[in-house]
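Visitor: Below is the structure I would like to discuss, written out as structure tokens.
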Amino acid sequence: CLKGTRKLNSDKTFADLGVSQPLIDALSSRGISAPFPTQQETLPDTLAGRDVLGRGKTGSGKTLAFTLAMTARFRHRKVHRRRPLGIVLVPTRELAVQVGSDLAIAAKTRNARVATIYGGRPYESQIAELEKGVEVVVGTPGRLIDLNRQHFLDLSHVRMVVLDEADEMLDLGFLPDVEKLLATVPQVRQTMLFSATMPGPVVAMARRYMSKP
């Protein structure tokens, strides 16, 4: 997440990894000066548009690894009413809020818009956000399925998909919901899957939905 000062015994900088200067400045303003190992290993591939399968514990910096890639990819050029270009699937509303906040901070450098969608909130405010147009949607599977079923969320233009905390998502029984959502996005896309552990079902999901991660 975009908190704290990052220190690492390495000469690698965010610039070395291909991060643009406006994003580097945004990170610096949040006290983030150097990449974590997870970011060093993944950013060259995520920024290049490749599928990435990453394992890391909470706090290892994996959120920033896909946040920067999404922010670099998308920019507010025209209204994308109900049609995001990227989605991030998370298992809990707490994680949705955290990831959505991190993305929104970085997205300001690209004038891109982020909507955070999860259950327990009125539909009306979330529908209004989607109607205005957003580049990225961060949300829990159940609420995203509901909005997609009601035609308030069109996933046919998605170019980037992130599955965050995939093992927890499966533990909570979201696998059928994740599969429903992935069936609605284009097959040609960038897919990133991050998980603290790699049990069999997570590996099977990666094999099914990812291309040479």
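Visitor: Checking understanding here: applying a Kyte-Doolittle mean of at least 0.0 and a length along the axis of at least 15 Å (C-alpha), which whole DSSP H helices in the chain pass?
Guide: Span-like helices here: 62-73, 93-107.
Visitor: Hey, another quick one. When ranked by the protection proxy of mean other Cβ atoms within 10 Å per residue, highest first, what sequence do the peptides 147-156, 109-118 form?
Guide: Answer by packing, highest mean first, reads 109-118, 147-156.
Visitor: Which of the aspartates and glutamates could a cross-linker bridge to residue 57, judged by Cα under 17 Å and excluding same-chain residues fewer than eight apart?
Guide: 41, 94, 164, 165, 167, 168, 171
Visitor: Still on this structure, I have one more. Which of these values of volume of the Cα convex hull per residue in Å³ was calculated from the structure shown: [x] 110; [y] 123; [z] 165?
Guide: Entry [x].
Visitor: Okay, moving on. Can you sort 171, 45 by 1.4 Å-probe accessible area, starting with the largest?
Guide: 171, 45
Visitor: Heads up, I need the accessible area for residue 124: 1.4 angstrom probe, whole protein in place, Å², nearest 10.
Guide: About 130 Å², ignoring ligands and nucleic acids.
Visitor: Using the alpha-carbon centroid of each, what span in Å lies between region 85-115 and region 146-213?
Guide: Their Cα centres are 16 Å away from one another.
Visitor: With r as the distance between the Cβ atoms of residue 20 and residue 180 and R0 = 30 Å, compute the FRET efficiency 1/(1 + (r/R0)^6) and round to 0.05.
Guide: Computed FRET efficiency for residue 180 and residue 20: 0.30.
The values are calculated or read from the model by the stated rules, or taken from the named source; none is laboratory data. Since the model is a prediction, treat every value here as computed from it, not as a measurement. Ideal geometry is used to build each Cβ from the backbone, glycine not excepted, and the neighbour counts take in all protein chains shown. With ligands, DNA and RNA removed, areas are computed over all heavy atoms of the protein, side chains included. Shrake-Rupley method; radii C 1.70, N 1.55, O 1.52, S 1.80 Å.
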